[in-house]
Amino acid sequence: MDPIIFATVALSLAVATVIDLRSQRIPNALTIPTALAALAYHLLIQGPHGLWFSLAGLGLGFGLMLAPFLFRVMGGGDVKLMAAVGAWVGPQVVLVAFLLTSLAGGVYALAVLARRTDALRSVCARLRPALYASCATGEFHFQPAPESAGLPKLCYGLAIAVGTVAAMLRSVLSSGWLVG
């Protein structure tokens, strides 16, 4: 992995995480220029092949996060952040980043719920009937909590940052970039 890409993505993710933790939003003013810079960088460095690489990563990053957004469990800023990450790192690394982000997000959600036992009980109370119905019908129907349930909101930018940095480190270690 190119050190410029690594540093740029890490810096963008750090900024996004701080903003997300403070305001529970990831602004377009960060995600869109980040994605456009990635497209321009890859086009300048590798020509049309680099542009296609960047577009493929952008599209995959966007597509992987679109379903959670449509089910209203993810914000639009999170979707655009993963798309911008994909534009920088390409489709292979963004796929690994998404998988590691999902794991980090699950750990993060459990940690937040563990601090709020009332919220954890609420989730478990809705999950149990859904699992029983799933066993009986073979279909999984889980109703998201209503806004009035008081469940904590997660700042998923943090999970995206952890998952992406882990994926980039994996890429760096497997490529031998640190060795020579």
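Descriptive notes on the structure:
- Of all residues in region 124-146, none are free of Cβ contacts under 8 Å to residues at least 12 places away in the same chain, surrounded by 13 or more Cβ atoms within 10 Å (Cβ to Cβ) and under 28 Å from Asn28 (Cβ atoms).
- Close pairs from region 29-54: first in contact (Cβ under 8 Å) with a residue 12 or more places away in the chain, partner exposed (fewer than 13 other Cβ atoms within 10 Å of the Cβ), Cβ under 8 Å, at least 6 apart: Tyr41/Ile4
- Restricted to region 16-29, and to residues there that are among the aliphatic types (A, V, I, L, M) and in contact with a helix residue (DSSP H, G or I) (Cβ under 6 Å, 6 or more places away or on another chain), the residue that is surrounded by the most Cβ atoms within 10 Å (Cβ to Cβ) is Ala16.
- In the set (1) more than 17 Å from Met168 (Cβ to Cβ); (2) surrounded by 15 or more Cβ atoms within 10 Å (Cβ to Cβ), the condition left unmet by Gly90 is number (1).
- Hits in region 132-175 - residues which are over 23 Å from Thr17 (Cα atoms), modelled with pLDDT of 70 or more and in a loop (DSSP other than H, G, I, E, B): Gly138, Glu139
- Subset of region 53-106 [among the charged types (D, E, K, R) and modelled with pLDDT under 95]: Arg72
The values are calculated or read from the model by the stated rules, or taken from the named source; none is laboratory data. The model shown is predicted, which means the values in this text are computed figures rather than measured ones. Ideal geometry is used to build each Cβ from the backbone, glycine not excepted, and the neighbour counts take in all protein chains shown.
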